[in-house]
1. Among B:Ala454, B:Ala505, B:Ala510, which is the only one that is in contact (Cβ under 8 Å) with a residue 24 or more places away in the chain, touching an Asp or Glu at 6+ places or on another chain (Cβ under 9 Å) and within 14 Å of another protein chain (Cβ to nearest Cβ)?
2. Residue by residue through region A:384-418, note down the ones that are of a type in the set (Gly, Ala, Ser) and surrounded by fewer than 20 Cβ atoms within 10 Å (Cβ to Cβ).
3. May I ask you to verify whether B:Leu533 is touching a helix residue (DSSP H, G or I) at 6+ places or on another chain (Cβ under 8 Å), crowded, with 20+ Cβ neighbours inside 10 Å, in a helix (DSSP H, G or I) and away from every other protein chain (no Cβ under 12 Å)?
4. Of the numbered conditions (1) more than 21 Å from B:Asp556 (Cα to Cα); (2) in contact with a helix residue (DSSP H, G or I) (Cβ under 9 Å, 6 or more places away or on another chain); (3) in a strand (DSSP E or B), B:Lys430 satisfies every one except a single condition; which is it?
5. Just one of A:Gly532, A:Gly488 is modelled with pLDDT of 95 or more and not in a strand (DSSP E or B); which is it?
6. Taking region A:332-391, which residues are closer than 16 Å to A:Gly99 by Cβ and basic (Lys, Arg)?
7. Within region B:513-529, count every residue that is within 11 Å of another protein chain (Cβ to nearest Cβ), touching a strand residue (DSSP E or B) at 6+ places or on another chain (Cβ under 8 Å) and either farther than 17 Å from A:Leu26 by Cβ or assigned to a loop (DSSP other than H, G, I, E, B) (or both).
8. Considering only region A:473-485, I want to know if a residue exists there that is modelled with pLDDT of 95 or more, among the aromatic types (Phe, Trp, Tyr) and not in a loop (DSSP other than H, G, I, E, B).
Amino acid sequence: MTDKRARNEHIKEASRQLRGTIAEGLADQATGAIAEDDQQLVKFHGTYLQDDRDLRGERARKKLEKAYSFMIRVRIPGGVVTPAQWLALDAIAGNYANGTLRLTTRQTFQFHGVIKSNMRATMQAIDAALLDTIAACGDVNRNVLATSNPHLSPAHESALELARSLSTHLLPRTGAYREIWLDGERIAGPDGEAAGEEEPLYGRHYLPRKFKTVVAVPPDNDVDIFAHDLGFIAIVENGEVCGWNVTVGGGMGMTHGEPDTFPRTADVMGFCTPSQAVDVAEKVLTVQRDWGNREIRKRARLKYTIEDRGLDAFRAEVERRLGYALSPPRAFDFARTGDHLGWQKGPDGRFHLGLFVENGRIADRPGHGLRTAMREIAEIHKGELICTANQNVIVAGVSARAKKRIDAILAANGILVATSSGLRRNSMACVALPTCGLALAESERYLPSLVTRLEALLDRHGLREDEIVIRMTGCPNGCARPYLAEIGLVGRGPGTYNLYLGAAFDGSRLSKLHAEDVHEAEIVSLLDPLFGRYALERTDGERFGDFVIRAGVVAPTLSGRTFHDDIRLAGRR
Amino acid sequence: MTALAPIPSTAPFSAAEIGLLNSVVARSSPEQRAWLSGFLAGLSAGTPAAQAAPLAPPRKRTPLTILYASESGNAESLALAARKSAAKLGFDARVLDMAEADPAALQKAGRLLVFAATWGEGDPPQRAADFYTALMAGDAPRLDGLHFSVLALGDSAYVNFCETGRRIDARLAELGGVRVAERIDLDLDFAKAAAAWTTATLETLRPAEDAASTVVHVNFHADAEPAGETAPAFSAESPLEAEITELVNLSGTGSSRETWHVELRTDAPGFTYQPGDAIAVIPENDPELVAAVIEAARVTPDAGLLAHLETSADITTLSRPLAERYGRIAGREDVARLAADAASFQAFAADRQLLDLFKTYPATLMGSDLRELLRPLPHRLYSVASSAAAHEGETHLLVGAVRWHAHGLDRKGVASTFLADRRRKGDSLKLFVKPNRHFRLPADPARPVVMIGAGTGVALRGFVAEREAMGATGHNWLVFGERNFTHDFLYQLEWQEHLASGTLARLDVAFSRDQPEKIYVQHRLWQHRDQLLGWIGDGAHIYVCGDEKGMARDVDDTLARILAEQAKGDAEAGRAALKALAKAGRYQRDVY
């Protein structure tokens, strides 16, 4: 019988629980890279090997290998850090990374540009800040999201607690992380069948693919719950969480030209009590571990398992493993995705600042000293700092006095609390070029200027303050969740994008392809008349994503498997 | 007549034949011997014996010691040339390298000719430092009655011009020596003046009776060069015009450096070099700077002057002698006063150039004034970065482009930016080889080799390539240092190949600016000192190439510290052990 398993399955199996030859690779000073198989394994440790793609052209002639460096992603369940941790991470960015902190759509920080010789020092500095990077990437349960501000209600606090419990419970148990990055001690690690014993939950092969878990508290869908493998929706009674609706099978990634890959919104599978939630999560994860597709990685996410086996069969297996049945889901109502930006007064009388961070990049630029401002805030701040799932930051738990000081710091560094438009407030791009190896087109470096151009159209149609969600990614894998944006742009090649329209503002409905391989001028000329019609023809409170469906511009996408159906491409202009 | 034995026992004859020859020669008259020598010379040259001119050697050959202190090899070549001339004049001349000599050796020398170079800011050449220190020390031997004369070499671009020669000259007199001819201080264009001074001084050193004789001497030692170092086919006067076949800035975008890899086609017959040699590059001046100088000097240029300034004159160096001349030519009292006072001149000249002098103290010059003012454009030396065995017909250089900003002007290194900015692939470059016999791979290919190079010091690539081409079995260890791993890892892909093939047994790197704390090559040496001592124990030769102040000095200290620790001794013990390695030729440096 031939072994049809995907290559990564063999790598995991032979890795002695994620050890591989990573330690040997780190010791090799001649190259900034590590062995190919180890490149897959380090993801489980929260880091990717990348290279500066802007420089690829010149390197060989200069007798240099690719400009390799690592991206390191921190694990921060719920995105909450202390000011001291912020300062530690800021120092790491300056000492070892490219001088910036990158907030991601998984409520955490990424460092870019860490070269191999600094990897251990960086990991140790993260450890010293009482943080780690375990399972921030890889075929495991990734950083768990929670609705952004635990101070808004007891339910919000419960959401953060659940996120932390889930993250801890579903964490890989291998000693490889500590050995390789922290102790520096080379321990052989278990081999063969014995290896699995180190990982009671994951075994030798971990999951077939990444696994993303979130916790939401309606009416805010700031975590985009339908975009994730596993989700918990707080059901609140008398101000407390009485239980959670469980969602399964959401996911964004697809591959251009392969219609059996598609983004999918999660299904609501049932309801569990607060004490059952962690157990339910474990069983969902183990069913996916055992049922997931290990032959075709592109079809290995939980969403395809559920498509292929059916939600009922999946629920039955989860319930069989739980030993009890889930209750029917309770009613819930989401109003919107995105974050509450600006100052907000919490029920405890303290203030919270939702600060827009364009594409999550915390950097100092001329006239815009965001990194400095955040560092200065962290130096005086007594509350918490929270990364949101939309790449923004919340300065939480601020006294009235401190609020003035924070405003002064922001002003002194040229940071405006107000953003230039409703579109920009709801814009989000993935990192893409130059560091992401998957990017087909620009994203983070390009979206701000495109938004500026679109703002001119919005002005013309009187829509500047209207909230319209626009998201861009450099490839179809969907890190910035573009298929749940009212305007989605997905990279196809240098300067060209697929334009998707018609997703729901509350994150419950996917978008539909509207135009293929369009560049900026075409994007502008396609959107201009739609903005014009929207301004004139919308009904009261009608969202742009709903309007384009009612207006017949695109057909609604009612489920992931019909994402590629009913496509009527706009004529080229 | 006493029993003379002119034919030494080492002559290539049997003892019986030597006795027979001596019995004839010892009793011969000078005329007979002259005839015989001419006859024999003619015989081996295949010319009729009768045409050999009757010649005669001096009655008694006068011993002469020619002592040199050389850094780049100029003083050494002058010393060797002087020996030739001295032999012609009948001296029994021997050449001594200060690196291998002791001042006590001068006590019985009788006659002494010194060729002393000055290095950098007034220091003796590195290898001559011990001799120099001993000579200057309070317990230096008396040299009463020693007839001496000193030729000092220097570079007027530096303040303490010819300092080493000056101080040796003074010290020899202090110790009782008799100065027979005044010292001469020569700049980079020393060749003609040095030859004239040598001839004149040798005449002065000649004993009266020799000088009076009209005997013409035959030079039997025309090939008396050190073995293996034949006179090069190309020189400053007749350089090779080599085609540039590759010219690439190895420093990646984002680097704070600009380091050019230059490949040259040097397959001309007679062009040879060895790894460790330097390549002298004859640059041209930046036409923009030429224009600026002409404007500042208010000269009406003609084509001849322009060409002269571009290709032949040093238009950057601001030296005191130049300022003196300028003060005189321009008739500016203030400049004359500035040049007269060492301290104020030094303060003005710091990071300033000729153009600044003209701009600060303007005057209107004639073209001829400008020509008179400027010294010839000197060549620049670069350590060869290739191996003739590995890179057949090619010569590679590694050139750091020098650019800086000072006193409101952008400045450029003359030769490095000539290459970086104004040469392209296919253009030619004038060059010649400056052999460096003090930087040579071990003759025994089984010896391990440790190479320590920072920045352009990684021209040591030539050594690695040579060892590979020669199939040397000794292990090779490279320790390389620069600023940033990502952009400054010079020749990274080649080192990866050498590691894969086993040519490099080991590579250690130190990138100073990749992390908050500075890491340099010496830190790696200290970190891996156990292994290093193992290599030294196995007979390794250690080579250091690169910047003196920025690297080599610290490496030297660290090596001494490592050896001291091994000897469980103090710093002095480490120094002594390192010196012993140097004496044995196992610690060699090419630093600049």
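1. After ruling out the rest, the residue left standing is B:Ala510.
2. A:Ser399, A:Ala400, A:Ala402, A:Ala408, A:Ala411, A:Ala412, A:Gly414, A:Ala418, listed by residue number.
3. no
4. Failed condition: (2).
5. On the way: A:Gly488 fails: not in a strand (DSSP E or B).
Of the residues listed, the single one that is modelled with pLDDT of 95 or more and not in a strand (DSSP E or B) is A:Gly532.
6. Residues satisfying the conditions are A:Arg361, A:Arg365, A:Arg371, A:Arg375.
7. Here the count works out to 1.
8. yes
The values are calculated or read from the model by the stated rules, or taken from the named source; none is laboratory data. Bear in mind the structure is a predicted one, so any value in this text is a computation, not a measurement. Cβ sites come from the backbone with ideal geometry, for glycine too, and all protein chains shown count toward neighbours.
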